[in-house]
Amino acid sequence: MPDCGKEDQRADRRRHPRFSFDEPLILTTEDVSVVVGRSLDISVAGLGGLLVSGSWSTGSLVNLEFPILDRISLKLRAALRNRSGNRYGFEFVGLTSTENSLVQRTCEALRPVE
C-alpha cells in the first residue's frame with residue numbers, strides 16, 4: 001500500500017484546484033496598513049501569498065490587490081484562513097459575478113499546481 005504523505009492528504013482535502021500564480025500582491029488592512037508581497041497560487045476561491053511583514057489573526061478581513069489577465073488590477077476582499085511562517089492563505093469573500101468571472105478566467109489561463 002502506498003504511503004500517503006501530508007502533502008497528498010492536503011491536496012485531497014482542497015475544494016478547488018490551485019494554479020501557479022506569481023504576481024505582485026498588495027494587502028491593505030482595516031486600519032489602512034499596506035503590506036507588499038508576492039502571490040504564489042490562486043484558485044476560484046482564494047489566493048496564497050508570501051508577505052514578509054504583518055501578523056493577522058485567522059478570520060481577519062483584508063483587501064488584496066493583484067494584476068490578472070492583460071495586467072488588469074483586481075481588488076478583492078478576503079479573509080485570512082491560514083498562515084505558516086510568511087505564507088498566508090486567503091479566501092475571497094463577497095465577490096461580484098464580474099469578479100468571480102475574472103478569477104475563473106485567470107485560473108483557466110494558468111498551469112495547475114502539482
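Values quoted throughout were computed directly from the atomic coordinates according to the rules given, and no laboratory measurement underlies them. What you see is a predicted model; the values in this text were computed from it and never measured. Every residue, glycine as well, gets a Cβ built from its backbone with ideal geometry; the counts of neighbours run over all protein chains shown.
How about segment 57-114: which of its residues are at positive phi and among the charged types (D, E, K, R)?
Matches in segment 57-114: Asp70, Arg71.
For segment 39-81, the set of residues classified as touching a Pro at 6+ places or on another chain (Cβ under 8 Å) and either surrounded by 15 or more Cβ atoms within 10 Å (Cβ to Cβ) or in contact (Cβ under 8 Å) with a residue 24 or more places away in the chain (or both) consists of Ser39, Ser43, Phe66, Pro67, Leu74, listed by residue number. Looking only at segment 95-114, which residues are assigned to a helix (DSSP H, G or I) and in contact (Cβ under 8 Å) with a residue 24 or more places away in the chain? Hits for segment 95-114 are Glu99, Asn100, Leu102, Val103, Gln104, Arg105, Thr106, Cys107. I'm checking my understanding of the structure. Among residues of segment 54-87 that are in contact with a Ser or Thr (Cβ under 9 Å, 6 or more places away or on another chain) and small (Gly, Ala, Ser), which one is farthest from Arg14 (Cα to Cα)? Ranking the candidates gives Gly54 first.
Residues are listed down the side, and each one gets a yes or a no for (1) among the small types (Gly, Ala, Ser); (2) touching a Phe, Trp or Tyr at 6+ places or on another chain (Cβ under 6 Å):
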position: Leu25; (1), (2): no, yes
position: Ser43; (1), (2): yes, no
position: Ser57; (1), (2): yes, no
position: Leu69; (1), (2): no, no
position: Ala79; (1), (2): yes, no
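Looking at the structure I just gave you, is Leu47 out of contact with any Leu (no Cβ under 9 Å at 6 or more places or on another chain) and within 15 Å of His16 (Cβ to Cβ)? No; evaluated as a whole, the condition is false for this residue. Any idea how many residues of segment 16-39 are out of contact with any Ser or Thr (no Cβ under 8 Å at 6 or more places or on another chain) and either under 15 Å from Pro112 (Cα atoms) or in a strand (DSSP E or B) (or both)? Within segment 16-39, residues that are out of contact with any Ser or Thr (no Cβ under 8 Å at 6 or more places or on another chain) and either under 15 Å from Pro112 (Cα atoms) or in a strand (DSSP E or B) (or both) number 8. State which residue pairs qualify: first residue under 23 Å from Arg111 (Cα atoms) and inside segment 17-35, second residue of a type in the set (Lys, Arg) in any location, beta carbons under 9 Å apart, and separation of 6 or more residues or different chains. What qualifies is Phe19/Arg111; Ser20/Arg111; Asp22/Arg38; Glu23/Arg38; Pro24/Arg38; Leu25/Arg38; Ile26/Lys75.
Residue count for segment 41-76 satisfying the condition of being closer than 15 Å to Pro24 by Cα and assigned to a strand (DSSP E or B): 18.
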